[in-house]
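Chemist: Following this message is one structure expressed as C-alpha cells.
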Amino acid sequence: MGRTAVSQVELLEDEPVGDEPRPRSRWRRWWPVPVVLALLAVGLQTGLDARARAHDERIASLPGTLAPVGEALTVQWKVSPDDYGVVSAGYEVDGAYVGMRRAADETFAAVALDAGTGLARWSTGLGPRGEGEGAPIDAGNFTIGLMGSPYCVPGGAADVPVLACLVDSHRGLVVVDATSGTVLRREDLPTKADLLAVDGGTTYLARSTGTDCEVTALGATSVLWTTTVACGGRPELVVAGGLVAVGSTREHVTVLTSSGEIVEESDDGAAAALGDRIALFDLAGDGTGTSRLLSAGAEPVAVDGIVMVPRVDDGSAPDVVVTSDRTTRGFDARTGKKLWEAPDPLSGIYLLRDGDVVGSSDQDALVTIDARSGAVHHRAALRPDTLPSSPVTDGPTYLTMLRGAPSDAPRLLAVSADGDDRSWDVQLPGGLLGLIQLGRHLVGSDRGGTLMVLG
C-alpha cells in the first residue's frame, strides 16, 4: 500500500470567517460618525449662540435701552449742580448727555457731557439770559428753562439728532447737531415763542396767550402756517407722524395736522407720542379713562383705558397698543378691537420685546405677557411690602428697581431675558436713595439730592 501524504492542519476556532469584517475594521468604518455628530452639535450651538448675541445686540441698539449692566454698578461721576438740567433731560447721543448749561457769568451754552466721565465733549454758545424771568415752563422730560433764558428740546432733522433752542429772549432759533455741536440753523423768529418741537423738516413754535396758544409751523426757509387754538394754562408740545398736539394736562389739548387743521380736542386729558401716532387721553375722576389713537390721514381709533408708551419697542408686535387703568388690555390699534385683558394693571412704562409685553405690577416685580393673546409667560413675584419700578433692559437682561420702606436702600433685580428664569441682585453703590434711567445709563441720587451716573 502506498503512502498517503498527510498535511498537518491547525484548526483555529476563534478566527473570524474570511468575509466577516474584523472589529477593528468596523471601528475604522464607523469612527467618523460620532465625530461628525459632535462637530454638528458644536456648530449648531455656535450658530445658536451667535444668533442670540446678534439678537441681544439688536435689542441693545434700540432707543430706550441701557448700556450693558454687569454684576455690579459703580459711580462713574457725580453731576455738578450746573449740569443737573443737562443730565436730568435724559437726552443721550453717542454716549454723551446733550442739553443746555448756564455758566457763572449768566451765559448759556449747548453742551455734550461724556456719559462715562462727565467731561464736556463740545460746547456751543447760545448767548446771554434774555430779559424777564417768568415761571419755569412745564416741558415734561425736556430741558426746563426760565422764561427769557434759552429753552432747548431734543429732536431729529433729516435723520440727524439735534438740539433746538429758543434764544435771544425766545425771539431767535438755534438748531445744533447733537453729535458735534455744529450750528445747523440760526435765525430770527417771526414771533416770540414759549415752546418749540422739531419733527423732521418742520419746527413748531407755540406762544401762550392765556388759555390759548398761537402755533406756528416753520419750514426750512419760511413760515408754513400760523393758527390760534385752545391749549390751557401750562401748555406742552407733542409731535409725531406729521401731527402736533398743544395743550395742558387735565385742561385742554388740541391736535393739529401738519397743515394746521384741527383733528381732535380734549377738555380733560393729555397727549403722548406713540411711534408715528399721537395718543389723546380723556381722563375720568375715578382713575379710569379712554384713549384716541390719531394717525395722519386716518380716522381716530378709540380704545378703553389710558394708552401706555413702551420704553423699548423692537417692532415685534406692530399695531398692538397696551392700555392700563384698573386692568391691563391689549388692542389692535388699526381697528380698536380688544385682543386680551389682564386683571392686574401694569405700573408706569413697559417694554415690548420678542412679541411680549414686559412690565411690573403691584403683584409682580416682572411679568411677561404675550402681546397678541394675553397669555402670561413669566412672573417674578414680589416680596411683601415691596414696590417695583417700571422695568428697563440692556438687551440680555431685564432690570427693575425694588423699594421697601422709604429709608431702605433700593435693590436692582436682574432677570435673564432668555426665559430661563435666572435672577440675581445687581450690586449698587452705598448711600443710594433713588435710581432712574436717564438716556442709556442708570442715574442714582443720595439723601442730599446729588446725582450720580452709574456704570
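Chemist: Residues in region 369-385 that are of a type outside the set (S, T, N, Q) and either under 19 Å from the mean Cα position of the chain (by Cα) or more than 30 Å from PRO406 (Cβ to Cβ) (or both): how many?
Modeler: Selection size over region 369-385: 8.
Chemist: Consider ALA302 carefully, then state whether it is among the small types (Gly, Ala, Ser), closer than 27 Å to SER390 by Cα and buried (at least 21 other Cβ atoms within 10 Å of the Cβ).
Modeler: no
Chemist: Restricting attention to region 306-322, report how many residues are more than 11 Å from ALA279 (Cα to Cα) and outside any loop (DSSP other than H, G, I, E, B).
Modeler: 4
Chemist: To continue, here is another question. Do you know which residues across region 171-188 are of a type in the set (Ser, Thr, Tyr) and either buried (at least 20 other Cβ atoms within 10 Å of the Cβ) or at pLDDT below 95 (or both)?
Modeler: none
Chemist: Moving on. Looking at the structure I just gave you, is ALA380 in a strand (DSSP E or B) and at pLDDT below 90?
Modeler: The answer is yes for ALA380.
Chemist: List the strands (runs of 3 or more DSSP E) inside region 160-264, counting only whole elements, that have at least 3 residues being in contact (Cβ under 8 Å) with a residue 40 or more places away in the chain.
Modeler: Output list reads 160-167, 172-177, 195-199, 202-209, 212-218, 236-240, 243-247.
Chemist: Can you tell me which of (1) surrounded by fewer than 22 Cβ atoms within 10 Å (Cβ to Cβ); (2) under 26 Å from TYR91 (Cα atoms) is the one ILE278 doesn't meet?
Modeler: So the condition that ILE278 fails would be (1).
Chemist: State whether one or more residues within region 280-300 are within 24 Å of ARG353 (Cβ to Cβ) and among the hydroxyl-bearing types (Ser, Thr, Tyr).
Modeler: Yes, that holds for at least one residue.
For every residue, the table says whether it meets (1) modelled with pLDDT of 90 or more; (2) within 21 Å of the chain's Cα centre (by Cα).
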position	(1), (2)
ARG353	yes, yes
VAL367	yes, yes
TYR398	yes, yes
PRO410	no, no
ARG422	no, no
VAL426	yes, yes
PRO429	yes, no
VAL453	yes, yes
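Chemist: Another question about this same structure. Being aliphatic (A, V, I, L, M), without any contact (Cβ under 8 Å) to a residue 60 or more places away in the chain and within 22 Å of SER445 (Cβ to Cβ) is the filter here; which residues of region 381-427 pass it?
Modeler: If the condition is that a residue be aliphatic (A, V, I, L, M), without any contact (Cβ under 8 Å) to a residue 60 or more places away in the chain and within 22 Å of SER445 (Cβ to Cβ), then LEU387, MET401, LEU402, ALA405, ALA409, LEU413 are the ones that fit.
Chemist: What are the residue pairs meeting all of these: first residue in region 363-375, first residue more than 14 Å from TRP340 (Cβ to Cβ) and touching a residue at least 12 places away in the same chain (Cβ under 8 Å), second residue outside any loop (DSSP other than H, G, I, E, B) and not β-branched (Val, Ile, Thr), Cβ atoms under 6 Å, and 6 or more apart or on different chains?
Modeler: That search, which allows pairs on different chains as well, returns ASP364/ARG379; ALA365/ALA380; ALA365/PRO388; ALA365/LEU413; LEU366/ALA380; LEU366/TYR398.
Chemist: Here is a follow-up. If you check ALA135 against the conditions, is it hydrophobic (A, V, I, L, M, F, W, C) and at pLDDT 85 or above?
Modeler: no
Chemist: What single numbered condition from (1) assigned to a strand (DSSP E or B); (2) over 18 Å from VAL312 (Cα atoms) fails to hold for GLY336?
Modeler: (1)
Chemist: Sticking with this one: Evaluate region 189-196: report whether one residue or more is at pLDDT 90 or above, of a type in the set (Val, Ile, Thr) and loosely packed, with under 15 Cβ neighbours inside 10 Å.
Modeler: No, region 189-196 contains no residue that is at pLDDT 90 or above, of a type in the set (Val, Ile, Thr) and loosely packed, with under 15 Cβ neighbours inside 10 Å.
Chemist: Which residues, taken from region 215-229, are in contact with a strand residue (DSSP E or B) (Cβ under 8 Å, 6 or more places away or on another chain) and surrounded by fewer than 19 Cβ atoms within 10 Å (Cβ to Cβ)?
Modeler: GLY219, VAL223, LEU224, TRP225, THR226, THR227, THR228 - these are the residues of region 215-229 that are in contact with a strand residue (DSSP E or B) (Cβ under 8 Å, 6 or more places away or on another chain) and surrounded by fewer than 19 Cβ atoms within 10 Å (Cβ to Cβ).
The values are calculated or read from the model by the stated rules, or taken from the named source; none is laboratory data. Given the structure is predicted, the values throughout are model-derived calculations rather than measurements. Cβ: placed from backbone, ideal geometry, glycine included. Neighbour counts: every protein chain shown.
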